Amino acid sequence: MKFQAFSFFLVSLISIFHHSSAVPQGVYDTITPPGAPPAGCVTTYGTLFGVMAYEGPPRMAELTRTCIAPGSLAMRLVNGVLIDSLGRIGSIVANRQFQFDGPPAQAGAIYTGGWSVCADGVLALGSSKKFYQCSSGDCE
C-alpha cells in the first residue's frame, strides 16, 4: 500500500510539473477591426515613420516633417501590422491603450492588425482615422 501511494504521489508530482511549465502568454493572431481601410490608405508602408498627436486637420507642412527623433518611436507597417524598431507589435490592448509588446502582442489585446497609413499622413485602424489622447505619465 505504501508503494502504491508513493507511486501515485510521484505520478501526480510529475504531472503537475509537466503541465505547469512556463508557456508564453499573449496574442499570436492578427486581430483586425471590422471595415476596410479608408480611401487613399495603404496597409504596407516601406519607410520607417513616427507618429505624433495633433488636433484638427493636418497642414501640409506637418505632413512633410519626419517625427522620428533620436530615442523616439520608429515603426513600419507590413500587411496591416505595425512593428516598431525593436520588433514589437503595435496593438490596442484591453484598456483601449495603443502600445507595442512582444511578440506576441499582450494577452487580451483587442486589435493587433488592421492598421494603414493614409495619403494625408494620418494613421488609421480599420475604417477609422480617429484616435483619442489621454495623459499617461509625464512624456508627451
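The values are calculated or read from the model by the stated rules, or taken from the named source; none is laboratory data. Remember, predicted model here, so these are calculated numbers, not experimental data. Don't worry about glycine lacking a Cβ; one is built from the backbone with ideal geometry, like all the others, and counts go over all protein chains shown. Keep in mind that these areas ignore ligands, DNA and RNA; they rest on the heavy atoms of the full protein, side chains included. Shrake-Rupley method; radii C 1.70, N 1.55, O 1.52, S 1.80 Å.
Some notes on this structure:
- Residues in segment 63-73 include at least one that is at pLDDT 80 or above and either among the aliphatic types (A, V, I, L, M) or surrounded by fewer than 12 Cβ atoms within 10 Å (Cβ to Cβ) (or both).
- Residue within segment 105-112 that is modelled with pLDDT of 85 or more, farther than 17 Å from F49 by Cβ, touching a Phe, Trp or Tyr at 6+ places or on another chain (Cβ under 8 Å) and among the β-branched types (V, I, T) present: no
- Taken over segment 87-136, the criterion of being aromatic (F, W, Y) and not in a strand (DSSP E or B) is satisfied by F131, Y132.
- N79 falls short on exactly one of the conditions (1) modelled with pLDDT of 90 or more; (2) closer than 23 Å to P38 by Cα; (3) touching a strand residue (DSSP E or B) at 6+ places or on another chain (Cβ under 9 Å), and that condition is (3).
- Subset of segment 74-101 (residues that are open to solvent by 20 Å² or more (accessible area, probe 1.4 Å), closer than 19 Å to L48 by Cα and either without any contact (Cβ under 8 Å) to a residue 24 or more places away in the chain or small (G, A, S) (or both)): I83, S85, L86, G87, R88, I89, Q99
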